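Okay, here's the structure, questions in a sec.
Laboratory data are not the source of any read-out in this text; all were calculated from the coordinates shown. This one's a predicted model, so the numbers in the text were calculated from it and none came from an experiment. Using ideal geometry, Cβ is built from the backbone for each residue, glycine included, and neighbour counts are taken over all protein chains shown.
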Amino acid sequence: MQIFHDATLKFSENQPQLAAVIPVMDGIDEDLTNAAVNRNYHPAVRAAARLAKATMNKYYSLTDAADAYRLSICECLLASQTVFAHSLLL
């Protein structure tokens, strides 16, 4: 699936952003959901998509407990508020 290739490239950049993990995981989740119900795929492929989705959801649920992820989200929110406040002053 192309989305796994794209995610690998995105997070192989020089300085990947931790806050970008959830949106990428959401995209992968959507693609896996679609693959799991797509009747054009072989039943084994649909089953593999369901298993991959279950595995990914297991790790997705752990992001809330990760201090590094929570800190990066706060950092991004503060940065976006600063940019917004600065644009109001211009």
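Would you pick out the residues in the stretch 23-56 that are touching a residue at least 24 places away in the same chain (Cβ under 8 Å), within 14 Å of the chain's Cα centre (by Cα) and surrounded by 14 or more Cβ atoms within 10 Å (Cβ to Cβ)?
Met25, Ile28, Asp29, Asp31, Leu32, Lys53, Met56
Could you count how many residues in the stretch 2-22 are hydrophobic (A, V, I, L, M, F, W, C) and free of Cβ contacts under 8 Å to residues at least 24 places away in the same chain?
4
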